[in-house]
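Here, each number is a calculation from the coordinates, and none is a lab measurement. No experiment lies behind these values; they were computed from the predicted model shown. Note that we place each Cβ from the backbone using ideal geometry, even for glycine, and neighbour counts take in every protein chain shown.
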Amino acid sequence: MRYALAETTPIAGATAPGPAPYDEMIDPDGDVRPHYAALARRVASLSDEDLAERQRLLERFFLLQGITFTVYGAESSTERIIPTDLLPRIIPAGEWATIEAGLVQRLRALNMFLADIYSDQKILMDGVVPRELVLGAPSYRREMQNLFVPHQAYANVCGSDLIRKPDGGFAVLEDNLRVPSGVSYMLANREAAKRTFPGSFRMAGVRRIEQYPDLLLSTLRSMAADWRPNPQVVVLTPGVYNSAYFEHAYLARLMGVPLVEGRDLVTHDNMVYMRTTTGLRRVDVIYRRVDDDFIDPLTFRRDSSLGVAGLFNAYRGGNVVICNAPGTGVADDKAVYAYVPEIISYYLGEDAILPNIETFLCREPSQLSHVLANLDKLVVKAVGASGGYGMLVGPHASRAERESFAEALRADPENYIAQPTIQLSTAPCLIDGAIDPRHVDLRPFILSGDKIRVTPGALTRVALKKGSLVVNSSQGGGSKDTWVLGETEAGEAGA
Amino acid sequence: MMLARVADSLYWIGRYVERAEHMCRLADVLLNATLDRTESSGQVARMVISAVSDGEHPEDVSPWDAAMAITMESGDSDSVTAALARARENARQVRDQLTTETWERLNLIYLRVTGPRANREFSDAPSQFLHDIIADLHLFKGAADATMSHGEGWGFLQLGVFIERAQLTGRLLQAGFGRSLGRPVTEHAAMTALLRMSCALEPYLRKHTADIQPRLIRQFLMFDEDFPRSLRFATARIEEHLSGVGRNVDLGGAAGPERLAGRLKARLLYAEAETLTGEDSDLLVATVLEECARLHAGIYDTFVAYSLEMRLPA
């Protein structure tokens, strides 16, 4: 069986056809890469009906587990599962070693950056990062200034977005240090893949990711004060209507800790308690899945009903730990992103193992004019936005869309950055019963507490629309399981 | 130790699941018993309608429409689908407290009754549809029993089940024999239908043989020690689970709902069942319903919405 490669010019209207995207399974000569060989043989041996049946099995698994989001219609609401692709994405051991080292290095540097920003601000004094860029960012929280954070671990859970460039190298597209989500899909995809491809899974020698909840719990525990012998950890969720609610409940269940909402917590004498059936019980560590703005109406947004009044004072008093720390967003700001390589060499004296994507800051007049002149080749993003909102994919946009975006750019250049349109790598996906390549990215999850740990696995997000480069689930993206292979290439040995 | 909000949700899951099962049986028996146009079929229809409605009974509703309303009408908290949707909504809010096995059962039932084909399945074969829901609910209860820890969370779930059950059986007794509502059931077929609605026909026959009389039915549904839907059985379980969950609550000397539950249990345990007149039975059923309502409020006040001043750490 031969596989089609993505056409080299999937982008209509692109002025210059860029290099062809890297395909995860097929090399440029059309042969299956060695780490995919076993799976490719297995897939080739299955009929279309077999594949469809497995896809149904997979979808039923998600539906049964309640891994759904609700689509609200005019008359009634229906529940849909997040689109999930049957065929796993495979990463060989050598490539993963680079990714892992790069992620650890990056998070170490970013935590040091945050510790510095919220204390002496040496990096600003030395002029490595522009002062106004950091202190003027809406995600900078002056309330965090000089506040003790154990192990200097500000971002306890980080989900970085990596992409593979046409030359085969990985690069970091975005750091998510606020409340990154998606880890439950990584785990659920794995559970499902073990049911759909048990044989190939065993043969490939895939590394385990099931320990993630245990590692998360020990990371969170390591943030508690030493004198609290048995720290009470809780997961704070905005509630059942949040689109990531399944994930909050899933992590709480697998860690065996209570899933609380703001209304379950009260503060008294700068301590945080939860309301239990038998009275109040002290809380030590809050893994919060609520944005900074909403965690404490007395400190941040006053109209928030999701948080706990007085929580931040309890945190300042050292009586409770909030994970991730408030104010981490300043380090994953899309404008600060451009300086991450400098941040890494400033604190660690090392070169970045994982490179950045070239980024133009529209706040600089010279870069702005370059961006405006090349709007049809660039991706422009609003600095504060996430989830694929507020962005323009130049080559895919119509002339009118580009013109109205240029208007917005000129009006508020500080709010935008631009990056070249990168051909994300493609991986084979099962689309309407046939196997067809789609663009994918990679979101691994990194934990940092007393030490930094990377789970050998990731969420691979898929742009299900042919040719599309937008993988966000809010914009028609799906996901698939990601197999990180162990040191020995068991996939080949077993064949 | 469990979150107050979680305990409340588990309690409501118990109530809604029990209610859904009961409503299914009412609808099923109603459809079955009203196939002919006899006096007994009229009695059954009146009994079901007065058991599910509060006070006003529209007289001219056809049995089919009534069964449809009991089963499918959404928005009304006393329909099967509405009860299941709420049970599942509560389960979603405490998803971390339920085992996957238990959650899957409830989620499946919910997906079926709210799915696009539900209305047609009901219209095509209502009896089969209702029977399947009841069977699935039994699977849910079985999965919960077999996989959940029988600790505090279980206690709240069971409290919901048995308080709801005592109230449902009480209301059915009022609808069948209550003098205040007039027109008690007298026809043999209507009395068997009543037994069927509380799933009591076979256990009743085993105890009293086919000797079907109002006095014995009443005695059975109120005072039988072993039948799981009798008032005596339900109130004994309420007392048992309440003393379990209340063990660690320090009320500072005030009386909790356990006292009320103990008294209610004793009322049924020590009643002079054999000589009780119809009038006294009516009174006792009314007392049971009233005390269940007070227990419901008492549980909420003691475990969920307690005032913080009373419980601040010393």
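Brief remarks follow.
- The ellipsoid that matches the Cα gyration tensor of region A:122-253 has semi-axes, each √(5λ) in whole angstrom, of 32, 24, 16, with the longest given first.
- Shown in residue order for region A:294-310 are the 3J(HN,Hα) couplings computed by the Karplus curve 6.51 cos²θ - 1.76 cosθ + 1.60 at θ = phi - 60°: 10, 6, 8, x, 7, 9, 10, 5, 6, 8, 7, 10, 8, x, 10, 5, x Hz (x for Gly and Pro).
- Taking only the Cα atoms of region A:183-222, the radius of gyration and Dmax are 12.4, 38 Å.
- Within chain B, the longest run free of trypsin sites (Lys or Arg not before Pro) that sit in a DSSP loop with at most 10 other Cβ atoms within 10 Å is B:118-314.
- Label-point separation in nm, A:Glu342 to A:Tyr241, each point 7 Å along Cα→Cβ: 4.4
- Debye-sum result for chain B in log10 I(q)/I(0), which assumes one identical scatterer on each alpha carbon, at q = 0.08 Å⁻¹: -0.37
- Stokes-Einstein translational diffusion, region B:195-259 - Kirkwood Rh over all Cα pairs, 1.567 mPa s, 4 °C, in µm²/s: 95
- Charge dipole magnitude, Cβ of K and R +1, D and E -1 - the protein assembly as shown, Cα centre, debye nearest 20: 820
- Per residue, the convex hull volume that the Cα atoms of region B:107-171 enclose (Å³): 101
- Beta bridges per DSSP, both residues in the protein assembly as shown: antiparallel share near 75 percent.
- Low-density loop cleavage sites - GluC sites (Glu not before Pro) in region B:134-231, where at most 11 other Cβ are within 10 Å (DSSP): B:Glu225
- Label-to-label distance, A:Asp29 versus A:Ala225, with points set 7 angstrom from Cα along the beta-carbon direction: 6.5 nm.
- Most mobile of B:Glu104, B:Glu121, B:Glu274 in a GNM of chain B (Cα contacts under 10 Å): B:Glu274
- Here each label is just a point 7 Å from Cα along the line to Cβ, and for B:Ala135 and B:Glu290 those points are 4.4 nm apart.
- Per-residue Karplus couplings for region A:105-121, computed as 6.51 cos²θ - 1.76 cosθ + 1.60 with θ equal to phi - 60°, are listed in order as 4, 5, 5, 4, 5, 5, 5, 5, 4, 5, 4, 6, 4, 8, 9, 7, 6 Hz, Gly and Pro entered as x.
- Adding -39500 (n - 2.57) for every DSSP H run of four residues or longer, then dividing by how many residues the protein assembly as shown holds, sets the calculated 222 nm ellipticity at -14000 deg cm²/dmol.
- Efficiency of FRET between A:Ser366 and A:Asp126 - r from beta-carbon atoms, R0 25 angstrom, step 0.05: 0.60
- Least to most buried among B:Asp36, B:Asp280 (fewest other Cβ within 10 Å first): B:Asp36, B:Asp280
- Amide H partners (placed H, <5 Å) of A:Thr455, local residues excluded: A:Phe445, A:Leu447
- With at most 13 neighbouring Cβ atoms within 10 Å, loop GluC sites (Glu not before Pro) (DSSP) excluded, longest segment of chain A: A:211-349
- Rounded D (µm²/s) - chain A, Kirkwood Rh over Cα pairs, Stokes-Einstein at 37 °C, 0.692 mPa s: 138
- The distance separating the Cα centre of region B:239-314 from that of region A:394-473 comes to 59 Å.
- Pair-distance profile P(r), taking every C-alpha pair of region A:401-493, with 5 angstrom steps and integer %: 3, 11, 14, 14, 15, 15, 12, 8, 5, 2, 1, 0
- Under Stokes-Einstein, with the Kirkwood radius over Cα pairs as Rh, the value for region A:74-152 at 4 °C and 1.567 mPa s is 77 µm²/s.
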